[in-house]
Amino acid sequence: STLKLTDPSLLETRAYVNGEWVEAGKTFAVHNPATGEQIAEVADLGIADAAGAIDAAYAAKPAWAVLTGKERGALLRRWYDLMIGNADDLARILTAEMGKPWPEARGEILYGASFIEWFAEEAKRVYGDVIPGHQRDKRIVVLKQPVGVVGSITPWNFPNAMIARKVAPALAVGCTFVARPAELTPLSALAMAVLAERAGIPAGVFNVIPSSDASAIGKELCANEKVAKITFTGSTRVGRILMKQCSDTIKKMSLELGGNAPFIVFDDADIDAAVEGAMIAKYRNNGQTCVCANRIYVQTGIYDIFAEKLASRTRALSVGDGFEEGVTIGPLINEAAVKKVEAHIADAVGKGAEVVEGGTRSNLGGTFFRPTVLTGVTQTMRVAHEETFGPVAPLIRFEHEAEAISMANDSEFGLAGYFYSRDHARVWRVAEALETGMVGINTGLISTEVAPFGGIKQSGLGREGSKFGSDDFLEIKYLCMGEI
Ligand code: ADP
């Protein structure tokens, strides 16, 4: 294997259940998308194993929930310190299984760790309320209590951070956790468990159950009465399935689903800043994030100059193996991802769009694809309505603000939106009008642990990060005290 780690014990292939490292009767292979090389064979757990992990989390919950916030926070802080201390290795594992360039993978580790740091601090701040009584002899007190066992299902595009964003608030407020990582990227999750164990997080509090059979494990997590809540990041399609499956037991849910982010550039924008923002919002993680700019609306007066500058910056991106120095665009995750990108480009070109940069597979072969800029794109093309999840920047021309807003909102998704303008009144108007949970204004990068991440419409339910992020893992209980 080309995977050289300072601490090879971080490359764990067994499941982590109830504080034990366990094998399964079978395994599944994990491959490096840049080389096709097999990196590891990982324990492939089944439904009974998942039920066992849920039992362990259920049994661990009372002792974990009874700790003070400060005590839980101290353990999370230790976990955070270990993630930072091992960031280089964690990033190597991440690049090997997912493909993103190593510096970007390292950035993800720091981003994921920041949620553990943040919620280690927030653990002490789960405040209730005291409400003046409605009768003279009554006092009303509101408590916030952990929901219980949390089941988590996460995607491959951020193998570390998607789990960190969920497990950190859950553990901070006293929940216990069963994580089913994406089958393409289980190694980052298992490495997190290695460090959680070293940090002294008690047995059963954080469990990782790799499995090749997502739907079987998903069914168990949704149906099991000991699971109080499901937290999921992934497609809207699978989000709908999980929501249906959770209806029998009325589970609480957090869903971070698909996006179709509009990125609007008004003619009063700082064009160079807008190009820079578009580069980040479009090409970060090779276009494989749910908040990636999917459709770029540019006002007619600056359309040509914006297109030219974006194409020129796009040409300078460096496609290659994420372990190579200077590479900014790794491989796409798999062949299906490349096919989708090709289909979106073909559809747009068939309806009159023009490829001004890229447009084809890279001569590196495999799943490497050339970052692509399309001009002459219209709202009738697939790129305007479906999440491309790849390095394609479709530029759509518009005349007026109202037209841009109407096209931007013409979507069942509502995760992120971006726009560039220097007119303060327009900034307020457009920010309020966009039907998205998050708006980047004169910036292409909005993700941070201190702000609430999440979507509206069919992009999901709930928020991750910030002071609001704890609420998703808490129940409100009200005490009505009489005879006073
Ligand atoms: P993506 O396109 O990002 O892979 P998916 O929604 O397909 O989005 O996958 C997100 C996660 O959900 C992955 O870990 C995947 O294995 C898992 N998954 C896929 N189908 C199901 C299902 N029917 N039930 C539970 N989990 C599923």
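Derivation of every value follows stated rules applied to the coordinates shown; laboratory data play no part. It should be emphasised that the depicted structure is a prediction, and the values quoted were computed from it without experimental measurement. When we count neighbours, we look across all protein chains shown, and the Cβ atoms used for this are built from the backbone with ideal geometry, even at glycine.
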(message) Cut-off is 10 Å between beta-carbons; in what order do Arg240, Arg284 appear when sorted fewest neighbours first?
(response) Arg240, Arg284
(message) For the chain, give me the percentage of DSSP beta bridges that are antiparallel, rounded to the nearest 5 percent.
(response) 45 percent
(message) For Arg422, project a label point 7 Å along Cα to C-beta. Then give me every residue of region 292-336 with its amide nitrogen under 15 Å of that point.
(response) 302
(request) Please name which of Ala172, Leu364, Thr154 has its Cα lying farthest along the dipole of the chain towards the positive end, using unit charges on Cβ (Lys, Arg +1; Asp, Glu -1) and the Cα centre as origin. (result) Ala172
(message) So if the hydrodynamic radius of region 44-198 is defined as the Kirkwood radius over C-alpha pairs, what does Stokes-Einstein give as its diffusion coefficient at 10 °C and 1.306 mPa s, in µm² per second?
(response) 95 µm²/s
(request) Starting from the Cα-Cα distance between Lys339 and Ala451, subtract it from 0.36 nm times their residue separation and give me the gain in nm to one decimal. (result) 36.9 nm
(message) Please arrange Ser9, Ser235 by how many other C-beta atoms lie within 10 Å of their C-beta, fewest to most.
(response) Ser9, Ser235
(request) Compute the relative contact order of region 344-393 as a whole-number percentage, counting only Cα pairs closer than 8 Å that sit 6 or more residues apart in sequence. (result) 39 percent
(request) Mind putting a number on the dipole of region 394-484 about its Cα centre? Charges go on the C-beta only, +1 for Lys and Arg and -1 for Asp and Glu, and I need it in Debye to the nearest 20. (result) 240 debye
(request) Once you've got the Cα coordinates, tell me which of Lys166/Lys351; Lys70/Lys226; Lys144/Lys282; Lys244/Lys339 are over 32 Å apart. (result) Lys166/Lys351; Lys144/Lys282
(request) Report the extension gain between Lys4 and Asp88 in nm, rounded to one decimal, defined as 0.36 nm multiplied by the number of residues separating them, less their alpha carbon distance. (result) 29.2 nm
(request) At 7 Å along the Cα-to-beta-carbon direction for both Ala74 and Asp248, put a label point, then send me their distance in nm to one decimal. (result) 4.3 nm
(request) Provide, in order from the shortest bin, the percent of all Cα-Cα pairs of region 289-329 in each 10 Å bin, continuing until the bin that contains the maximum pair distance. (result) 24, 36, 31, 9, 0
(request) Compute the normalised compactness of region 292-360: alpha-carbon radius of gyration over 2.2 N^0.38 Å, N being the residue count. (result) 1.28
(message) Compute for region 1-115: radius of gyration divided by Kirkwood radius, i.e. Rg/Rh, restricted to C-alpha atoms, rounded to two decimals.
(response) 1.02
(request) Report the charge-dipole magnitude of the chain in Debye, nearest 20, computed about the Cα centre from +1 at each Lys and Arg Cβ and -1 at each Asp and Glu Cβ. (result) 1040 debye
(request) State the percent of C-alpha pairs, over all pairs in the chain, separated by a distance greater than 39 angstrom. (result) 24 percent
(request) Could you tell me what % of all Cα pairs in region 368-422 have separations over 17 Å? (result) 43 percent
(request) Grab the beta carbon distance between Asp270 and Glu399, set R0 = 25 Å, and tell me the FRET efficiency rounded to 0.05. (result) 0.75
(request) Averaging sequence separations of C-alpha pairs under 8 Å and six or more residues apart, then dividing by the length of region 270-358, give the relative contact order as a whole percent. (result) 23 percent
(message) If N is the number of residues in region 388-484, what value comes out of its Cα radius of gyration divided by 2.2 N^0.38 Å?
(response) 1.46
(message) Given Cβ point charges of +1 (Lys, Arg) and -1 (Asp, Glu) and nothing else, what value in debye, to the nearest 20, does the dipole of region 1-160 about its Cα centre take?
(response) 920 debye
(message) Which three numbers, in whole Å and largest first, are the semi-axes of the equivalent ellipsoid of region 330-425 derived from its Cα gyration tensor as √(5λ)?
(response) 27, 14, 13
(message) Pairs of alpha-carbon atoms within less than 8 angstrom and 6+ residues apart define the contacts here; what relative contact order does the chain have, in percent?
(response) 18 percent
